[in-house]
Amino acid sequence: MREVSIGIIGFGTVGSGVVKILNDNADVLKARVGLPIRLKKIADLDLDSDRGVKVDKSVLTTSVEDIFNDPDISIVIELIGGYEPAKTFTLKAIENGKHVITANKALLAEYGHEIFRAAQQAKVDIGFEAAVAGGIPILRSLREGLLANRYEKVLGILNGTCNYILTAMYDNPGVSFDQVLKEAQTFGYAEADPGLDIDGFDTAHKLTLILALTHGIQIKPNQIFVQGIRDIDAFDILMAKEFSYRIKLLALIISHGQDVEARIHPTMIPQSHPLAGVDGVFNGIFLRGDMVGDQLFYGKGAGKEPTASAVVGDIIEIARNVVHGEAGGVPPLGYSDQWKPTGHVLDMSGIRTNYYLRIQAKDQPGVLSNVSGIMADHSISIHSVMQKGRHASATVPVVFLTHRAREADMRLACEKISKLDSIEGQIKILRIEDESLS
């Protein structure tokens, strides 16, 4: 073997970034693999658009079969995204005995079990570092570097769009969510249809992969409690500051023996928490291992170069195996094929955490005692209360922070509180991740 040949399906933003690295750092990659990496084919329906990188026209094709049927190509990189035809292409490459690399988090979140099983049966490797947190090597760290640990807690800021919006609202008091979203779209940080990001579904895809690597539990994204950031307003940001908190869209995995909490929602965290300083479009993952203690991973979670860097990292890892005639030495999720998890994801109604509760109450005697009485009836202990402003014949916002309470109890209490004549509008609930309140 004189070289390792690869084929790329999808010549978009990430694909062009991969080609740029292969061109610019060819000597470095050769030194690290031991042989040159040759880009033999790129399949895409659009062969005319300028991607800003140099590619010999003989490399370009509109037929993926040119990649699948080429015996010289040992590694296929899927970069088209979505479910289909990405799933079909991925399984076809595996069926043809080719190693696969993908950045497709949605595909793996929904069909990973089938794809990983197919790869193991075909004795080929599958790399997917770029599927979570862009250029941050979190998946490789979980799969290999931190294997000695049981993971007690994993908290992740995994979506740059949401983090940009919440950071801008924090830095510019009074600015609305809609204003910042429009700004994010103008700058290219948010899609024209931002629902996948701001409603938390993109984060859910990533959390399923992290959960599989940390606990061996494979679930679908729709089995995770997901709440996005659409309802966060300037007042919530202001109150977070008053209590020395930041609001972040967090993906949370918290262990309870064999079982785990897995949830995604806007979360108040102390300003002193390592993740509180992860701002703008950056991502951050905080984890606690029983042996290594607290760890923080920080960096660019998206973008052409960071994502392409993760893809090329997988190319190098798999190319090394190709050179030595090896595959499957490291299982895709870091667990033996024979091992089966005994734990499961806990129902959201049973989790216990601290809460931020905002009500719009009439400014009259007895309101707070009625509200606190309902909370007490549902085993909810109040940590602190803050009322903002007083206006005759009007309602005022009142904010409660609670000690740890059960989610189901909080929901029932809020349902009863909302029916009081002295309460107007919807009750706002945010969850708090603050160990000092436990």
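The values are calculated or read from the model by the stated rules, or taken from the named source; none is laboratory data. Quantities reported herein were computed from a predicted structural model and do not represent experimental measurements. When we count neighbours, we look across all protein chains shown, and the Cβ atoms used for this are built from the backbone with ideal geometry, even at glycine. The protein model used for the area step is the full one, side chains on, heavy atoms only, and it has no ligands, DNA or RNA in it. Shrake-Rupley method; radii C 1.70, N 1.55, O 1.52, S 1.80 Å.
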> Given labels modelled 7 Å from the Cα in the Cβ direction, how far is it in nm from K416 to L437?
Replying inline: 2.1 nm
>> Please list 3J(HN,Hα) in residue order for region 56-64, calculated via the Karplus relation 6.51 cos²θ - 1.76 cosθ + 1.60 where θ = phi - 60°; whole Hz, with x for glycine and proline.
In response: 5, 4, 5, 7, 7, 8, 9, 10, 5
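Return the subset of K87/K304; K123/K206; K87/K182; K105/K340 for which the Cα-Cα distance in this structure is over 28 Å, preserving the input order. Show your work: numbers first, answer last.
Numbers: K87/K304 22 Å; K123/K206 25 Å; K87/K182 33 Å; K105/K340 23 Å.
Pairs exceeding 28 Å: K87/K182.
Percent relative contact order of the chain, based on C-alpha pairs within less than 8 angstrom and at least six residues apart?
Values: 878 pairs, mean separation 71.6, N = 438.
Reported as a whole number, the value is 16 percent.
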> In whole percent, how big is the carbon plus sulfur part of the accessible area of region 129-201, probe 1.4 Å, protein atoms only?
Replying inline: 50 percent
> At a probe size of 1.4 Å, how large is the accessible area of L412, to the nearest 10 Å²?
Replying inline: 90 Å²
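How about region 163-192: which chymotrypsin sites (Phe, Trp or Tyr not before Pro) there are in a DSSP loop, with at most 10 other Cβ atoms within 10 Å of their Cβ? All intermediate terms of the calculation are to be shown ahead of the outcome.
On the way: sites: Y164, Y170, F177, F187, Y189; in loops: F187, Y189.
Qualifying residues, ordered by number: F187.
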> region 274-318 to region 167-214: how many Å between their Cα centroids?
Replying inline: 17 Å
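Compare V311, V281 by solvent-accessible area with a 1.4 Å probe and give them largest first, with all protein chains kept in place. Let's see the in-between values first.
Working: V311 0, V281 55 Å².
Greatest to least solvent exposure: V281, V311.
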> For K388, which lysines qualify as cross-link partners when the Cα separation must be under 28 Å and same-chain residues fewer than eight apart are set aside?
Replying inline: K241, K248, K362, K416, K419, K428
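Starting with the highest mean, order 372-384, 259-271 by the number of other Cβ atoms within 10 Å, averaged over the residues of each peptide.
Details: 372-384: 15.3, 259-271: 21.5.
Descending packing order for the listed peptides: 259-271, 372-384.
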> So, in Å, what gap is there between the alpha-carbon centers of region 38-104 and region 105-148?
Replying inline: 19 Å
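Can you tell me the length gained on complete extension of the stretch L47 to D24, counting 0.36 nm per residue apart and subtracting the Cα distance? Walk me through the numbers before you get to the answer.
Values: separation 23, 0.36 × 23 = 8.28 nm, distance 2.15 nm.
Result for the pair: 6.1 nm of gain on full extension.
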> Considering only protein heavy atoms, what is the solvent-accessible area of S176 at a probe of 1.4 Å, reported in Å² to the nearest 10?
Replying inline: 40 Å²
> With a ≥ b ≥ c the root eigenvalues of the C-alpha gyration tensor of region 161-275, is it rounded (a/c under 1.5), prolate (a/b larger than b/c) or oblate?
Replying inline: oblate
